[in-house]
Each structure stands twice: as C-alpha cells, then as structure tokens.
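Have a look at the structure below before the remarks.
The values are calculated or read from the model by the stated rules, or taken from the named source; none is laboratory data. Keep in mind the model is a prediction, meaning the values are calculated, not measured. Positions of Cβ are backbone-derived with ideal geometry, glycine not excepted, and every protein chain shown enters the neighbour counts.
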Amino acid sequence: MQLYLGLWGVNPNLSDNNGRTPLSFAASGGHEGVVNLLLQRGDVNPNLSDGNDLTPLSYAAILGAPGVVKLLLESNGVNPNSPDASGRTPLSFAASRGHGGVVKVLLGRGDSNPNSSDGNGLTPLSYAAITGATGVVKLLLESDGVNPNSPDACGRTPLSFAAFRGHEGVVKVLLGCEDLNPNSQDIKGQTPLSYATMMRREGVLKLLSDARNSDSKSLETLNRQYFYLALLVIISALVIISALVIISALVIISALVIISALVIISALGACLDFPSLLLTLFLFVGSIFPFFYFLPL
C-alpha cells in the first residue's frame, strides 16, 4: 500500500460510482494503519463525501472506530459536523449506535455541535434516547450547552422517546437533569407519561410518577418556606409599627406635659413671688416624675 501510494501520478481522491474514495473505505473498515498512510500523503481530501453525502468521518462514526475518528479529526480541515443527505452528523451516527468511545472523541474536539439536528429535527441525544444508549446519554448531558428538551419535528423530546420505548436507564438519567421538562408535549399534546401509559411501560411509569411526587413535595416545601418568611416579615413590620406608635405617643405626651407646665407657670407667675413659684414648679414636676425628688439639690 505504501509503495503504491508512492507511485507517481496516483490520485488518492478518485471515487467509485457511488462517490466513495479509498479513505472512505479504509475508515468504514476501521483500518487505522491505512487511514494514517493516506492522510500522511498531504493531498488526500478527508471531507470528500459519497452519493449519500457520507464522509470518511461519518463512516468511522457509524462503525464505532474511535482510533480512526481521532486520526481524521487530527487532519487539517476536517469538518466534525459534516451532515449527510438527511442532515445526520458523525456525532448523530455514533450516538444512535451507542459508540461511547467515538462520542467522547467527537465531544472532546470542542467544535462538534451536540445539538445538531437532522431533517426530522432529531438530535444526537434524541437518537441515543431512542436506542437506549444510557452511557451516551450521560456523555451528551455532561457536554456544555446540550438541550435535554430538544424537540423533533413532531415536538417529541428525548424523554418522550425513552418513555415510549421503555428505556428505564435513559429515563432515570434524563430525570436527573435539572433543566429537563418532564411534562413536555408534542404536537398532539402527548407527554412522556402519556407515551409510557400507552405502551404499558410500568418501570418508566413508576420513575415518572416518583419524579412528579418529588416535584410536588419540593414545591410544597418551598411554599411552606415562603409562608414562614412572609409571616416573619409581617411580624417584624408590626413590631416596628408598634414601636413607632409608642414612641410617637410618648413624644406627644411629653410635649403636652411641657406645654401644660408652661401654661401653669405663666398663670402662677402673675400671682406668686419667685420662691413660691419655684416651690410650686418643683411639686408639679415631682407629681409627674416621682424620681425628680431624689435628684441632688
């Protein structure tokens, strides 16, 4: 093979009647050594697609050959999101077949789109849920930006597919996702619970019911906390208002006492001499504030 590739005039990108190149065949067979030799030439186009728009990377993902996938991704210019005729990407193929190793390599690339959808609106997560690939579902949910509620063209979510097919492991993993909507409805108004009931998936029904009860308890606990918080705010407000009322009343009473004293002093000042006036004032203040008698003279 190496000698043949070294011959002058050999074109490594020639395709057959179906549009498949030597690199495409090597990738689909999982032949890492051949793939490596072809890529070392430098003039091999790793993105050439066949009549179905499948690239060598797509074929390697379908087969589940992480070594070949890694070699192709290390090649300059490889598109990790190359769609086929139906819009499916290498990640979509790997996810639907449960090839966790390939999924991990593709997600590790950084520019693979985990939310890419095909012509039917199905994402890699949807395909993994359909086939019951629990490990792949975990890998995808751990990836940044993955939408656990991605609907297909009919509004069905990954949870709907998993519930319909009775994949309890997938349902459990999806329910553990904080952003998941367990009550999502498709265009016919069907929910994951509806699908599980329709198909008599008892295990899935129990998981969904337990999740709903857990949500109800959490909501009840949250409502109780809000109630106690509101009650504390109301009591605090009443205490503050009561204190202000008492202080205001004391201020008003003190003002009235002072005014009354001034009026009395003015009245007595006209008919009493100063010593008598001072004694009268002392007795008046002492009658209101008894502690006044104990003040040092």
### Message
Quick test of your reading of the structure: LEU106 fulfils all but one of (1) under 21 Å from ASN149 (Cα atoms); (2) in a helix (DSSP H, G or I); (3) in contact with a Pro (Cβ under 7 Å, 6 or more places away or on another chain). Name the failing condition by number.
### Response
(1)
### Task
Please determine, by comparing only the residues of region 243-272 that are polar (S, T, N, Q) and surrounded by 10 or more Cβ atoms within 10 Å (Cβ to Cβ), which one is modelled with the highest pLDDT.
SER248
#### Entry: Test for ALA129: is it at pLDDT 95 or above, out of contact with any helix residue (DSSP H, G or I) (no Cβ under 9 Å at 6 or more places or on another chain) and under 20 Å from SER96 (Cβ atoms)
no
### Task
Looking for whichever is modelled with pLDDT of 95 or more, under 19 Å from the mean Cα position of the chain (by Cα) and closer than 16 Å to HIS99 by Cα here; the options are LYS172, LYS138. Which one fits?
LYS138
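Rundown of residues vs (1) in contact (Cβ under 8 Å) with a residue 12 or more places away in the chain; (2) over 16 Å from ALA129 (Cα atoms); (3) out of contact with any helix residue (DSSP H, G or I) (no Cβ under 7 Å at 6 or more places or on another chain); (4) outside the structural domain of LYS138 (by TED's automatic domain parsing), yes/no style:
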| position | (1), (2), (3), (4) |
| --- | --- |
| PRO151 | yes, no, yes, no |
| SER160 | yes, no, no, no |
| VAL171 | yes, no, no, no |
| ASP179 | yes, yes, yes, no |
| THR191 | yes, no, yes, no |
| SER194 | no, yes, yes, no |
| MET198 | yes, yes, yes, no |
| LEU205 | yes, yes, no, no |
| ASP210 | no, yes, yes, no |
### Task
Note down all Cβ pairs under 6 Å where the first residue falls in region 113-125 and is in the same structural domain as ARG156 (by TED's automatic domain parsing) and buried (at least 24 other Cβ atoms within 10 Å of the Cβ), the second is modelled with pLDDT of 95 or more and of a type in the set (Gly, Ala, Ser), and they're at least six residues apart or on different chains.
THR123/SER117; THR123/SER150; PRO124/SER92; PRO124/ALA95
## Note on the structure
Of the candidates LEU72, LEU38, LEU54, LEU107, the one satisfying the condition of being assigned by TED's automatic domain parsing to the domain that holds THR131, modelled with pLDDT under 95 and buried (at least 20 other Cβ atoms within 10 Å of the Cβ) is LEU38
